[in-house]
Every structure is written in structure tokens, then in C-alpha cells.
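The values are calculated or read from the model by the stated rules, or taken from the named source; none is laboratory data. Bear in mind that the values here come from a model prediction, so they are computed numbers and not experimental data. Here Cβ is always computed from backbone atoms with ideal geometry, including for glycine, and neighbour counts include all displayed protein chains. With ligands, DNA and RNA removed, areas are computed over all heavy atoms of the protein, side chains included. Shrake-Rupley method; radii C 1.70, N 1.55, O 1.52, S 1.80 Å.
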Amino acid sequence: MVKSTLYAAIGFAAISSMALTEDISSATAPLPPGTFTTSAHSDEWKVTNALSAGPASITEHAAVIDWPANPKDGMSHGRALRQGTNGWTCMPDVPGRPQHNPMCVDETMMKWLMATLAGKKPDIDRVGLSYMLMGEARQGQGATPAKDPNQVKEWFYVGPHIMVVLPDSAKDALRGINQDLSNNQPYTSLLSSADVATPIWVIPVAKAGDRIKEEPAK
């Protein structure tokens, strides 16, 4: 009985170790069809996933925080996974999407994001920038986030992109820009239905499904 229990424990440990290795490698690999992003990952997996959102020149010294367990709590309740020194913050996948969607934001874009998710006026006074070099998949403009991603009838896949937020005094400069998510062109988005919401400019740098790969100079 003791031997059986010991062998079972050893077998479980081996399987767990293999699963962890596979889990880490899946942090940047395409999701299998029919699956969605989830927060049920190790901290190491989340850090690897989050840092894939931006160029190495930024992610090398960026902080990493997890999304709050309850989205209504706001980013201030996100758990720190790694400290940073350059003012940039990276976050792992938003759960419930059919492809990876990590993000790296500068201080201004973080201010915009925290206010927008809380339904407050961002009060932006300078340009802010964000990277999503893994791309993302999202519902249509203005759609209420689905509680069950399996019920979403149409996902819009956006290729690797950067996002820009302008100062409040210059937001009219984005007036009339494309809002179609399906044509792979730069578009504007509010990400909130609140009256005080301010737009961001989403600029794809590759087509949906493509990957950005950094290569050292020869």
C-alpha cells in the first residue's frame, strides 16, 4: 500500500512537471480551436505571456501585473507579478477570448485604462502608448462583453498593433477615422459606453494571425 501510494505520488509529480512545461510553452503558442483565454495559469506562465505583448527594449524592465479577479474592482486591485523600473506595465491575457491578447502600456495609457474600466473621465494631458504585438480578438464596437464567450456570434480578429491615446484637448483629431474592425485598417475605439469615455487610436502593424518576431541585426 505504501509503495503504491509512493509510486502514485511520483507519477503525479512527473505529470505535473510535464504539464507545467507544456503550460509555459503555451503562453505564446496559438490557442487550440474552440478554446478561450483563461486566468487559470501559473505566475510564470502569466509573466511569459504578458511580456510577449511588447518589444524587448520595453519588456526587459517592465512591471507585470495580473488582471483583478473581479473586473469591476479595477486595475488598482491587480496583483503584482513582477516589479519594473521603466514606467511600463504589461498584463497577461484578458480571459474569455479566442486568442492571446496580452498588453504593455506606458504610464499615460495605464491612467486611461484604469479610468475607462471604472467608467470615469481619464483626464489625459499627454500622448499615451500601448503595445499588443500578439494581436487580439474582440466583439464588435460597443458590444456588451459576453459572460459566456461561447455565445459570441462573431469575433473580430485584430493583428499585432499599437494603441495611442491623445490628450483630452486633442481628441477631436480622431474624428471621422475608420471604426470598422474587419478591414485591418487603423480604427478608433472607446472601449466604454460611459459618457466621459475618450477614444484610443488602434494601429495594426500586421494582419490578423500574423506574428511579430524580433531578430538581431546582422
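Some points to look at:
- Within the chain: Cβ-based charge dipole about Cα centre, in debye rounded to nearest 20 (Lys, Arg +1; Asp, Glu -1): 200
- Between helix 107-117 and the chain: long-axis angle, C-alpha atoms, 0 to 90°, nearest 10: 90
- Projected onto planes of every orientation and averaged, the convex hull of the alpha-carbon atoms in segment 61-193 covers 8.2 nm².
- Euclidean distance between Cα centres, segment 163-189 to segment 88-159, Å: 14
- Compared with the rule-of-thumb size 2.2 N^0.38 Å for a compact globular protein, segment 77-138 has a Cα radius of gyration ratio of 1.17.
- Set K147/K171; K153/K213; K121/K171 screened for pairs whose C-alpha atoms are more than 22 Å apart: K147/K171; K153/K213
- Computed E for D195/E107 - FRET, C-beta separation, R0 41 angstrom, nearest 0.05: 0.95
- Folded to 0 to 90 degrees: helix 2-25 orientation relative to the chain principal axis, Cα: 30
- The stretch between E154 and N86, if pulled fully straight at 0.36 nm per residue, gains 20.7 nm over its current Cα-Cα span.
- Its Cα gyration tensor gives segment 141-218 an equivalent ellipsoid. The semi-axes, each the square root of 5 times an eigenvalue, are 24, 21, 11 Å from largest down.
- Dipole axis of segment 90-218 (+1 Lys, Arg; -1 Asp, Glu on Cβ), positive-most option in M91, V152, G142: V152
- Apportionment of accessible area to carbon and sulfur, the chain, percent (1.4 Å): 57
- Accessible area per residue, Å², segment 83-202 with all protein chains present, probe 1.4 Å: 50
- Taking only the C-alpha atoms of segment 174-218, the Rg (one decimal) and the largest Cα-Cα distance, Dmax (whole number), read 14.6, 51 Å.
- Normalising by residue count, segment 24-93 has a Cα convex hull of 91 Å³ per residue.
- One chain, two ends: A170 and T144. Fully extended at 0.36 nm per residue, the span grows by 6.6 nm beyond their Cα-Cα distance.
- Cα-projected label distance for H61 with D43, points at 7 Å along beta-carbon direction, nm: 2.3
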